[in-house]
Amino acid sequence: MRSGPGRVTLVGGGPGDPGLLTLAGRAAIETADVVVADRLAPLAALRWAPEHAEVIDVGKIPGGRSTGQDEINRLLVDHAKAGKHVVRFKGGDSFVFGRGGEEAIACAGAGVEVTVVPGVSSSIAGPALAGVPVTHRGLVQGFTVVSGHVPPGHESSTLDYAALARLGTTIVVLMGVRTLPAICAELVRHGLTPTTPVTVVADASLPSQVRVRGTLETIDERLRTAQVGPPAIAVIGAVADLGGLP
């Protein structure tokens, strides 16, 4: 362990392939004393950590074990205050549905130095790896990224699906495999045509990557036929029909 005050580095690990981790992210891991890692982080990158580094698994398994955010915050602060360089390692980008903001606030509030290393967000990388651009000249001029963690109408949902249906942008849904049928139905209810193209990319950047295409009215059945599960990204809109890759 190095002398002096400890610190925390929030590292976004990208969509899954360690090759898509940034150079700054790798450098942080190479100097870590403690790595607090999520389940969807590219764990193969941990081979770059020093031999003395302690790896703490705080991954959340859907329907299974889960480490609470308060406990994660405590781990970051306590280890940093013990003089260690703590790397908080997670998939995608820490500030896109990754609770990186909560962790940065907790560390700063405890007087711990925090550095953010942005990651390649799966919201953009997943579609790109399947050949789907989230924007396309002459077709769509923007994209909207939303969480599908809870379905439309849930008391925790803050999304305005009527507004989403009117925006005219590509809609990218993260964490929405389970709720996608309800999301598609809600978008149709608010005016999107049932034949609006949808592409779902599962395990983006990994050898197990799968792409499933359909429409708002057919994607649920096609996902069940393909037995696609999380993690997956759904792309809704005209660009989902482009797909320049096989």
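What to note about this one:
- Rounded to 5, the percent of DSSP beta bridges in the stretch 2-129 classed as antiparallel: 5
- The distance separating the Cα centre of the stretch 1-54 from that of the stretch 136-166 comes to 32 Å.
- Antiparallel DSSP beta bridges within the stretch 109-246, as percent of all bridges there, nearest 5: 75
- Accessible surface ranking that places the most exposed of K90, K81 first, with a 1.4 angstrom probe: K81, K90
- Size descriptors for the stretch 110-157: radius of gyration and Dmax over Cα atoms are 16.4, 49 Å.
- For the stretch 120-246, the normalised intensity computed at q = 0.11, 0.21 Å⁻¹ comes to -0.32, -1.26 (log10 of I(q)/I(0), Debye sum over alpha carbons, equal scatterers, no solvent).
- Rounded to the nearest 20, the size of the Cβ-charge dipole of the stretch 177-246 about its Cα centre is 80 debye, with Lys and Arg at +1 and Asp and Glu at -1.
- The C-alpha atoms of the stretch 28-97 occupy a region whose extents along the principal axes are 33, 26, 22 Å, arranged from largest to smallest.
- Look at the alpha carbon pairs under 8 Å that are at least 6 residues apart: their mean separation over the length of the chain gives a relative contact order of 20 percent.
- With the Kirkwood sum run over all distinct C-alpha pairs, the stretch 60-184 has a hydrodynamic radius of 17.0 Å.
- Packing, as the average of other Cβ atoms within 10 Å across residues, places the peptides 211-222, 153-164 in the order 211-222, 153-164, highest first.
- Across the stretch 1-140, the mean sequence separation of Cα contacts (distance under 8 Å, 6 or more residues apart), normalised by length, yields a relative contact order of 37 percent.
- Dipole of the stretch 102-205, positive direction: furthest Cα of S122, V198, Y161, with charges on the beta-carbon: V198
- Size of charge dipole - the chain - debye, nearest 20, with Cβ of Lys, Arg +1 and Asp, Glu -1, no other charges: 240
- Positive-end extreme of charge dipole, the chain - chosen from G59, V132, G142 (charges on Cβ): V132
- Calculated mean residue ellipticity, 222 nm, the chain: -7500 deg cm²/dmol, from DSSP H runs (n ≥ 4) at -39500 (n - 2.57) each, averaged per residue and rounded to 500.
- Cα pair distances exceeding 12 angstrom across the stretch 184-223, given as percent: 58
- Calculated Rg and Dmax of the chain using C-alpha coordinates, Å: 19.3, 61
- For the stretch 115-246, a simple Cβ point-charge model (Lys and Arg +1, Asp and Glu -1, everything else neutral) yields a dipole of about 220 debye relative to the Cα centre.
- Take every DSSP beta bridge whose two residues both sit in the chain; close to 40 percent of them are antiparallel.
- Share of pairwise Cα separations in the stretch 162-210, more than 18 Å, in percent: 35
The values are calculated or read from the model by the stated rules, or taken from the named source; none is laboratory data. Please read these numbers as outputs of a predicted model, since none were measured by experiment. As a convention, Cβ positions derive from the backbone with ideal geometry for all residues, glycine included, and neighbour counts pool all protein chains shown. Just the protein is used for accessible areas: all its heavy atoms, side chains included, with ligands, DNA and RNA removed. Shrake-Rupley method; radii C 1.70, N 1.55, O 1.52, S 1.80 Å.
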